[in-house]
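Step one of this worksheet: look at the structure below.
Bear in mind that the values in this text are calculations on the coordinates, not laboratory data. Nothing here was measured: the structure is a model prediction, and the numbers come from that model. We place every Cβ from the backbone using ideal geometry, glycine too, and count neighbours over all the protein chains shown.
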Amino acid sequence: MRRRAALIGLLGAELVSTVGSRMSFLAIPWLVLVTTDDPTKVGVVAFAEALPYILAGIFGTPLADRFGVREVSIGTDLGSALVVGAIAAFGGGDFTVLVALVATLGALRGVGDKSKRVLLPPVVEASGTPMARVTAVFSALNRMAMVIGAAVAGVLIAWLGPVGAIWADAATFAACAGVVVVLVRITREQNHPARGAQESYWQGLRTGFGFVRRERLLRSLVGMMFVTNLFNQASAVVFIPMWVREHLGSPVALGWIGGAFALGAIAGGAAFAALVMRLPRYATLVIGYFVGGAPRFLVLALSDDLRVALAVSFVSGMAMSSVNPTYGLLMFERVPRAMQTRVFGLTGAITFGGIPLGGMVGAWAVETLGLSGGLWLAGVAYFAATLTPVFGWRMWRQINDIGSGRAAPDVPLWQEYLSELGRRMGLVDTGPAVPVSVTLAYAGGGWTVTARRGRRRLARPYAVTSAAALQHVAALELPEVYETVEEVHLARRRDAQLRAAAVRANLRELESTLTELRAASAQWPPGQPGERPR
């Protein structure tokens, strides 16, 4: 019962922490806006929080390994409570102090969020609950926290003001730390997870970067998500607050718009999970971006009606619900398991790299073009970015080849072995999960290896010797295939033996003839006309 309580406590702590983060996400920009009336400073504050969050999330794991993930989780939550309290107390004064406090908060949250995710597996294992079920609940709680946090933030800002809402946010972090202290217990080994020591940190980064650079589809998707995240952040911290202040004048609308999008994402996620086996992933992703992307910006540029904005936000949330599952599934399918940690970290840093820039770009657009012009610029740029899958449809349709949402069956040993053979021969440069077929064929009296992805040939046929073909096939767990290859090999050997015997017989006959000619030459009578044979 205590172990189950630890799991419930950790999930509850994650829910409370996410609610608090969502509250500060809205309350702090609103505080800056009402105290400075300067959208540029709103962008500076958003940049100051997002950039340390990303960097700390990448470099925070060594701290958790050194001091323990439980202690780091508790410490960062307590530190976040103190920093958020300091923002509430001093944030309305010197703007430089506010920026420094917000940057500190971003760094603490980057390390703390990573530590909580490292805490989850040992707690789940101790509770005896299936990891798949907990993961689903974890995702649902994050969606719920977005809705609750956005709605609560809007209400608290209207009721208590931005400073009061920030004090409430500080209390949520303190409560989160208390829950982990009281309920979550793990062993020393689980608290200090082992790190891989096969290669240095920088070597691992180079390997991960090389993999992303070679994977065109993954590289294209990550680049597109960088742009979309940039404008999503600009919308959240600049465009929507400015639109609400200009047309409605009430911070409650901030929570309603964010909550409408989150509710749509929850409903769309449930529908996507139910229909995932029937929906074509490529078409769903493209339509999702078209419906849920640019219209969110254009409706704010064209209308001042809150009901219209709420309806479009809800539909956009539903449409965009397929993006993250498709991205995650693509990562798991195309990235070899041994490289997933470094590749996930690198791609995560790239995709979220647009977030620190989003506030700055949004503030610049509003200052330069006005709110309406900035919204039009963002909408057009967002739409242009989401045209990438359309113009590159031949490559992007590979998304349809990734898993269908069910647990992927184990790859047969013979298929994995042939894939590895093709990789070692230089025909393919990929992991076994990439949809590449490697074929060993016998034709025209010789063995060849070919590699294809779908209908596209990746390399010309590569000739291999009969002995090499038999050696590789001997390692496969397919007796029928081995027997067929062995028959071909034996037939070729018999044919070669017969041809060798015929050549040896011809050679013996020629040698006999040559011996007779030499004997006749030695007995040639002297003085006969003609040249003497040698």
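Observations on the model:
- Evaluating 6.51 cos²θ - 1.76 cosθ + 1.60 at θ = phi - 60° for every residue in segment 501-517, the Karplus couplings come out as 5, 5, 5, 5, 5, 4, 5, 4, 5, 5, 5, 5, 4, 5, 5, 5, 5 Hz, glycine and proline recorded as x.
- Packing-based order for 88-99, 68-79, using average beta carbon neighbours within 10 Å, highest first: 68-79, 88-99
- Loop-resident trypsin sites (Lys or Arg not before Pro) (DSSP state other than H, G, I, E or B) in segment 235-294 with no more than 14 further Cβ atoms inside 10 Å of their Cβ: 278.
- Segment 304-318 - phi-based ³J(HN,Hα) in whole Hz, Karplus 6.51/-1.76/1.60, Gly and Pro as x: 10, 8, 5, 5, 5, 4, 5, 5, 5, 5, 5, 5, 5, x, 4
- Close amide H contacts of residue 464 (hydrogens built in the peptide plane, cut-off under 5 Å, sequence separation of 5 or more or a different chain): 447, 448, 449.
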